[in-house]
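**Q** For reference, the structure I am asking about is given below.
The values are calculated or read from the model by the stated rules, or taken from the named source; none is laboratory data. Since this is a predicted model, take the numbers as computed values, not measurements. Using ideal geometry, Cβ is built from the backbone for each residue, glycine included, and neighbour counts are taken over all protein chains shown.
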Amino acid sequence: MLRLLLIFNVGGLGVIMVVSLLVVKGSNRVTVVGWICAIINLAVFAAPLSIMKQVIRTKSVEFMPITLSFFLTICAIMWFFYGFFIKDYYIALPNVMGFLFGIVQMILYFIYKKAKKDVDTNLKLEGTAEDFEMNLKVEGCKIPRKDIEINLKMEEPAVDKELNAV
């Protein structure tokens, strides 16, 4: 895992540096590197979109912590103002999207934080153990990626010996 992280971070930065130094000349180099960084910045802010889709589908915020969304929004605001004050729009503009994504994540969190997570587990079983067949359908399970295990033990009911003697 560490090796993969180093390859992408060091290798990716190295490719950007080599391409910008060898291919692009003069003031266009700043523009190309600015666009590359803006795209990477947008990718970082757009990464939680799949989690947002899962939150809407499952109505559960189990995989989207509020602290991550909050600090993502704060970070985007700070970088936006930094880019705005130094008049660097390659910094400022992607952080507008980061701010909007962060706000949407926090709104989703507060909408779905009290979602119902329990499943009705009350089953009424009738019949004898010999010819018993059970079909179970679980609907409305809001817990993604959780296996449902049901252990069923069938025992013959205790019969009073006095009633059998009659």
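**Q** Scanning for something at pLDDT 55 or above, buried (at least 16 other Cβ atoms within 10 Å of the Cβ) and of a type in the set (Gly, Ala, Ser), does region 115-131 turn up at least one residue?
**A** no
**Q** Would you check if there is a residue in region 38-46 being aliphatic (A, V, I, L, M), in contact with a helix residue (DSSP H, G or I) (Cβ under 9 Å, 6 or more places away or on another chain), more than 24 Å from residue 19 (Cβ to Cβ) and at pLDDT below 90? If you could, list the steps in order and put the result at the bottom.
**A** Of all residues in region 38-46, those aliphatic (A, V, I, L, M) come to 38-40, 42-44, 46.
If we keep only those that are in contact with a helix residue (DSSP H, G or I) (Cβ under 9 Å, 6 or more places away or on another chain) as well, we get 38-40, 42, 44, 46.
Pick out the ones that are also more than 24 Å from residue 19 (Cβ to Cβ) and you get none.
Checked region 38-46: no residue is aliphatic (A, V, I, L, M), in contact with a helix residue (DSSP H, G or I) (Cβ under 9 Å, 6 or more places away or on another chain), more than 24 Å from residue 19 (Cβ to Cβ) and at pLDDT below 90.
**Q** Here is a follow-up. Restricting to region 45-98, and then to whatever is in a loop (DSSP other than H, G, I, E, B) and among the basic types (Lys, Arg), can you tell me which residue is nearest to residue 35 (Cα to Cα)?
**A** The qualifying residue nearest to residue 35 (Cα to Cα) is 87.
**Q** Considering only residues that are surrounded by fewer than 13 Cβ atoms within 10 Å (Cβ to Cβ) and of a type in the set (D, E, K, R), which ones fall in region 76-109?
**A** 87
**Q** Can you pull out every residue in region 19-60 that is more than 24 Å from the chain's Cα centre (by Cα) and farther than 24 Å from residue 89 by Cα?
**A** Listed by number, the list holds a single entry, 22.
**Q** Would you point out which residue out of 93, 21, 68 is at pLDDT 85 or above, under 30 Å from residue 113 (Cα atoms) and touching a helix residue (DSSP H, G or I) at 6+ places or on another chain (Cβ under 9 Å)?
**A** 68
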